[in-house]
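The values are calculated or read from the model by the stated rules, or taken from the named source; none is laboratory data. None of these values were measured; they are calculated from a predicted model. As a convention, Cβ positions derive from the backbone with ideal geometry for all residues, glycine included, and neighbour counts pool all protein chains shown. The protein model used for the area step is the full one, side chains on, heavy atoms only, and it has no ligands, DNA or RNA in it. Shrake-Rupley method; radii C 1.70, N 1.55, O 1.52, S 1.80 Å.
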Amino acid sequence: MNDNLRPLSELGLSETLLEKVLSRALSRGGDFADVFFEDSRLRSLQWEESKLKSSSMVLTRGLGIRVISGEKTGYAYTDEISEEALLHAADTASHIAESSRDFSVSLQTRKSASNFYPLKHPFGEKGAGSMLSYLETLQKAAASFDPKVEKIMAGIGENRREILIANSEGLLVRDFRPMVRCNLSVIAEKDGRRETAHEGIGGRQDLESFTEERLHSLSGRVADLAVRKLDAGEAPAGAMPVVLGAGTGSVLLHEAVGHGLEADFCRKGTSVYSHRIGERVASELCTVVDDATVLNDRGALNVDDEGQDGERTVLIEKGVLKGYMQDRLSTRLTGDAPTGNGRRESYQDYPMARMTCTYLEPGESEPEEILSSVENGLYAKRLGGGQVDISRGDFVFTVAEGYRIENGKVGELVKGASLIGNGPEVMDRVTMVGNDLAISEGMWTCGKHGQGVPVGQGMPHLKVSEITVGGTSMEGAS
């Protein structure tokens, strides 16, 4: 982790300066102050119409200062790393408090005990030329898949991000957070009809993780789905059994359940899960975990954005609600134990309780057993985007790849399906859980209050006894 970190002096910082800034931030009598510094370099290439369309490099450097006084938070940030600018930001954030005092901070550097994103090579070792060769590999593999492949669009990017957190309790901790991504979209055409499929892969890895085998696999999956969608049938509609696919089916878990277990919503009483610790909120087959320790996952964190070590947190155990995902403000107000879930999009944003990598633990059923148990229903192998009402748990999700299940067999690919329901009700209707837990490779970004952060998610195959399917065919299923 620390092999890629630069000396503080190269970043325009020193421990003495940080101590001075934190002391100034509490000069008006706040209870707690912290600073968050980041230095980020994002390089990306975009490919379209068999050629490079664009290339970009985005550099970001800045520092945010937070002051907490009771339930109030003051926040200020600057992209100028100088003593004058940082002290001015500290003064601005401190106005949340209304008294004055002398306060002195003495920092002690702490190194994270773990490294959940080990790299085989120094990050950024490969240049834009290597990145371009990956895009060419995707292009050739997708184009050769089927003559009906008409258009191919791809992108690749890598982000080197150094962060630093220091606070008025004396903590100083740093982290180097790598991230790479590769995404592919394919448009297929037949008799004037067009269909699109897309997918992304990546994580806290280096570019060497995009092996030729992995890129060919991505091209094959995306091109195959786009071509098959040209002959897809109409989606059934109505209330029916639904099998969610391993991996990407977990977007339903993330949206319909995960957000409702974030401590700020629960503390304020705006979540359907508020004040329900110890109650049964799901089928006894369901154990839900938020885990920042999944190696090289997009949501992995050695430390969160408040300096807390990344952890594995059991949220629901055998259907019983055990706890929430906590940020520092929530733990200060409720007295609950921290969980390492304080996250922010950038130095311009204050932290809040957020998911890292959220998944449903595996059960005992074979995937084939789950599918064969459904007489007629829908196999939602991959889910797309959706919406959820956190206060009630109601959701709507599109099905990116779905199939009819007929007489216990996976049937034709269908288009236009959506899932409509309520998170707690769906979790209570889980009747079978597969033994094939898969963490999605997808490039998931979670939005909350205008902030987006990278997350991971996963689940095994899952059978829900009944979900309302919105489709284009009204024959339905029983």
Enumeration of residues in region 202-221 that are touching a helix residue (DSSP H, G or I) at 6+ places or on another chain (Cβ under 6 Å) and outside any loop (DSSP other than H, G, I, E, B)
L215, H216, S219
State the number of residues belonging to region 90-139 that are within 22 Å of E162 (Cβ to Cβ), in a helix (DSSP H, G or I) and at pLDDT below 95.
2
What pairs come up if the first residue lies in region 224-238 and is within 20 Å of I187 (Cα to Cα) and in contact (Cβ under 8 Å) with a residue 12 or more places away in the chain, the second is surrounded by fewer than 20 Cβ atoms within 10 Å (Cβ to Cβ) and polar (S, T, N, Q), and their beta carbons are under 6 Å apart, counting only those six or more places apart or on different chains?
E234/T472; E234/S473
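Table: residues versus (1) surrounded by fewer than 19 Cβ atoms within 10 Å (Cβ to Cβ); (2) among the β-branched types (V, I, T); (3) within 28 Å of A226 (Cβ to Cβ).
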{"residue": "A380", "(1), (2), (3)": "no, no, yes"}
{"residue": "E406", "(1), (2), (3)": "yes, no, yes"}
{"residue": "M427", "(1), (2), (3)": "no, no, no"}
{"residue": "L462", "(1), (2), (3)": "no, no, yes"}
{"residue": "S465", "(1), (2), (3)": "yes, no, no"}
Which of (1) within 30 Å of T334 (Cβ to Cβ); (2) in a helix (DSSP H, G or I); (3) among the hydrophobic types (A, V, I, L, M, F, W, C); (4) touching a strand residue (DSSP E or B) at 6+ places or on another chain (Cβ under 6 Å) is the odd one out, the single condition A226 does not satisfy?
(1)
Which is surrounded by 20 or more Cβ atoms within 10 Å (Cβ to Cβ) and closer than 23 Å to D436 by Cβ, of P236, P241?
P241
Residue count, region 429-460, condition buried (at least 18 other Cβ atoms within 10 Å of the Cβ) and of a type in the set (G, A, S), comes to 6
Could we say that L63 is over 30 Å from R328 (Cα atoms), open to solvent by less than 10 Å² (accessible area, probe 1.4 Å) and either aliphatic (A, V, I, L, M) or part of a strand (DSSP E or B) (or both) here?
no
Which numbered condition trips up G411, out of (1) more than 26 Å from T287 (Cα to Cα); (2) open to solvent by less than 50 Å² (accessible area, probe 1.4 Å); (3) in contact (Cβ under 8 Å) with a residue 60 or more places away in the chain?
(3)
If you go through region 1-34, how many residues are closer than 14 Å to T109 by Cβ, among the β-branched types (V, I, T) and surrounded by 18 or more Cβ atoms within 10 Å (Cβ to Cβ)?
0
I need every pair where a residue in region 168-188 that is more than 20 Å from G157 (Cα to Cα) has its Cβ under 6 Å from the Cβ of a residue that is basic (K, R) and open to solvent by 10 Å² or more (accessible area, probe 1.4 Å), sequence separation at least 6 or different chains.
V173/R110; I187/K151; I187/R194; A188/K148
Checklist (1) crowded, with 18+ Cβ neighbours inside 10 Å; (2) within 30 Å of V67 (Cβ to Cβ); (3) of a type outside the set (G, A, S) applied to E361, failing item:
(2)
Can you find a residue that is under 23 Å from the mean Cα position of the chain (by Cα), over 26 Å from G127 (Cβ atoms) and surrounded by fewer than 23 Cβ atoms within 10 Å (Cβ to Cβ) anywhere in region 198-213?
yes
Mind checking whether some residue in region 319-333 is over 21 Å from D31 (Cα atoms), open to solvent by 50 Å² or more (accessible area, probe 1.4 Å) and not hydroxyl-bearing (S, T, Y)?
yes
Name every residue in region 80-97 that is free of Cβ contacts under 8 Å to residues at least 60 places away in the same chain and open to solvent by 50 Å² or more (accessible area, probe 1.4 Å), in order of residue number.
E80, E84, H88, T92
Hits in region 35-59 - residues which are open to solvent by 70 Å² or more (accessible area, probe 1.4 Å), outside any loop (DSSP other than H, G, I, E, B), over 21 Å from D305 (Cα atoms) and of a type in the set (D, E, K, R)
K51, K53
Of everything in region 268-310 that's among the charged types (D, E, K, R), out of contact with any Phe, Trp or Tyr (no Cβ under 7 Å at 6 or more places or on another chain) and assigned to a loop (DSSP other than H, G, I, E, B), which residue is farthest from A33 (Cα to Cα)?
E284
